[in-house]
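What follows is a single structure, written as structure tokens, with notes after it.
The values are calculated or read from the model by the stated rules, or taken from the named source; none is laboratory data. For clarity, every value in this text was computed on a predicted model and none was experimentally measured. So basically every Cβ, Gly included, is an ideal-geometry build from the backbone, and we count neighbours across all protein chains shown.
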Amino acid sequence: MEIKELLDATIARKASDLHLIPGYYPSVRVNNNILFLRNFSILTPQETNELLLSILSQEQKTMLAENKEIDIGYEYSGARFRINIYTENKMLAGAFRLIPSQIKTIEELNLPSILHTFADYPQGLVLFTGPTGEGKSTTLATLINEINMKRSCHIVTIEDPVEFVYPKEKSIVSQRELQQDTLSWNIALKSVLREDPDVVLVGEMRDYDTVQSVLTIAETGHLVFSTLHTGSTSEAINRIVDVFPAHQQNQIRNSLSNTLVAVVAQRLLPDVTGTSRVPALEVLLNTPSVASIIRDGKNFMLDNVIETSEDSGMIMFEKYLAKLYHSGYITKDTALQHAIRRNLITKFIT
């Protein structure tokens with residue numbers, strides 16, 4: 001068994017992920033379901049080690065030994081994988097995410113047209129939230145590439161690792177990968193302002209330092225895109241503010257109220273056939289009323305504003321679920337199961 005055979009099988013099955021775990025058959029995720037590749041043998045610890053170490057440089061092997069895990073980007077046969085090699089039960093295992101070679105448009109991804117406007121802002125913060133594996137990186141790549149296609153500017157991405165590779169169009173794109181191109185998030189974020197950027201993509205707002213740096217970059221006249229792991233758009237505001245100590249929170253609320261462009265919560269749901277997934281979104285836009293709510297720390301009012309502000313382009317997750325159901329994209333059970341606000345979903349689905 002060679003790693004190229006497993007990568008070929010992942011690509012051929014149009015899987016989103018490949019898993020190599022000792023004691024199991026090699027496995028792929030297709031339409032959110034794990035499938036065993038039974039035409040291969042069950043992996044032994046030694047086989048798994050050999051497969052995973054075969055794609056690492058000596059420097060990466062040293063980092064893996066020191067840290068017990070490593071994230072890398074890997075190109076194979078025209079495809080790109082984001083790989084996390086980790087330790088479980090004192091044995092190596094690996095998770096491979098297949099990155100599509102072509103960056104799709106907003107229309108091709110069946111995303112709402114309001115997202116086009118985010119590529120037109122000269123500055124501010126656009127934040128995507130949701131669990132891992134829900135399409136945030138794909139949507140962000142679509143927005144970055146839209147800017148790349150229609151604006152002459154400098155785009156800088158800071159990623160761990162680099163996922164999508166952007167074509168050479170109107171913009172210039174500098175893609176910086178953690179460890180390979182920079183030693184840390186904080187160093188990269190501090191130096192990015194000296195790199196003459198117009199647009200900055202920060203793979204994830206991870207901690208106090210990262211959040212503070214992202215807000216500073218947005219405040220200083222740049223358009224910034226990033227991600228955060230929260231369920232809803234209003235939770236994202238709370239998470240950002242709560243990262244800071246109490247004496248700084250008023251200042252952060254003021255900063256957010258001035259710099260925020262939008263918060264998008266995204267999930268991928270099984271379609272009615274069970275053979276594909278469709279995106280479901282919530283969109284919070286920083287209108288004057290939203291800015292006032294954020295500034296005053298009354299985030300409990302945001303859900304009501306989202307629900308009543310469709311005319312301004314906002315989208316409530318439960319209303320979007322209802323739209324997908326009534327349009328025949330998802331089942332009623334799927335809509336009910338995935339609602340963020342269970343008390344509201346029945347109001348929109350009859």
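One residue stands out in the stretch 160-196 among those that are out of contact with any helix residue (DSSP H, G or I) (no Cβ under 9 Å at 6 or more places or on another chain) and acidic (Asp, Glu): the one that is surrounded by the most Cβ atoms within 10 Å (Cβ to Cβ), namely GLU177.
Test ILE11 against the criterion of being closer than 16 Å to ARG82 by Cβ and in the same structural domain as ILE72 (by TED's automatic domain parsing), and give yes or no. Break it down into steps so the answer makes sense when it comes.
Working: closer than 16 Å to ARG82 by Cβ: yes; in the same structural domain as ILE72 (by TED's automatic domain parsing): yes.
Yes, satisfied.
Screening ILE240 with (1) farther than 19 Å from PHE128 by Cβ; (2) crowded, with 21+ Cβ neighbours inside 10 Å gives one miss only, at (1).
The residues on offer are ALA246, ALA188, ALA218, and the sole one that is free of Cβ contacts under 8 Å to residues at least 12 places away in the same chain and either under 18 Å from ALA262 (Cα atoms) or of a type outside the set (Val, Ile, Thr) (or both) is ALA246.
In the stretch 129-159, the residue that is nearest to MET205 (Cα to Cα) out of those that are among the aliphatic types (A, V, I, L, M) and surrounded by 18 or more Cβ atoms within 10 Å (Cβ to Cβ) is ILE158.
When you check THR210 against the structure, is it surrounded by 15 or more Cβ atoms within 10 Å (Cβ to Cβ) and in the same structural domain as ALA339 (by TED's automatic domain parsing), yes or no?
The answer is yes for THR210.
For the stretch 291-342, give me each residue that is at positive phi and part of a helix (DSSP H, G or I). Within the stretch 291-342, no residue meets the criteria.
Criterion applied to ALA280, ALA339 was being without any contact (Cβ under 8 Å) to a residue 24 or more places away in the chain and surrounded by 16 or more Cβ atoms within 10 Å (Cβ to Cβ), and the one residue passing it is ALA339.
Taking the criterion of being surrounded by 14 or more Cβ atoms within 10 Å (Cβ to Cβ), at pLDDT below 95 and farther than 21 Å from GLU69 by Cβ, the residues of the stretch 16-44 that qualify are VAL30, ASN31, ASN32. Of all residues in the stretch 45-54, none are surrounded by 13 or more Cβ atoms within 10 Å (Cβ to Cβ) and not in a helix (DSSP H, G or I). Would you please name the residue that is nearest to LEU111 (Cα to Cα), looking only at residues in the stretch 304-336 that are touching a residue at least 24 places away in the same chain (Cβ under 8 Å) and among the β-branched types (Val, Ile, Thr)? Among residues in the stretch 304-336 that are touching a residue at least 24 places away in the same chain (Cβ under 8 Å) and among the β-branched types (Val, Ile, Thr), the one nearest to LEU111 (Cα to Cα) is ILE315. Could we say that ILE345 is in a helix (DSSP H, G or I) and under 21 Å from VAL126 (Cβ atoms) here? Here the answer is no, as ILE345 does not meet what is asked.
Out of GLU204, GLU195, one residue alone is at pLDDT below 95, acidic (Asp, Glu) and in the same structural domain as GLN251 (by TED's automatic domain parsing). It is GLU204.
Can you tell me which of PHE81, PHE40 is closer than 30 Å to GLU146 by Cβ and not charged (D, E, K, R)? Before the answer, list the steps.
Details: PHE40 fails: closer than 30 Å to GLU146 by Cβ.
Matching residue, one of PHE81, PHE40: PHE81.
The residue of the stretch 114-151 that is modelled with the highest pLDDT, among those that are part of a helix (DSSP H, G or I), within 9 Å of the chain's Cα centre (by Cα) and within 20 Å of VAL211 (Cβ to Cβ), is LEU140.
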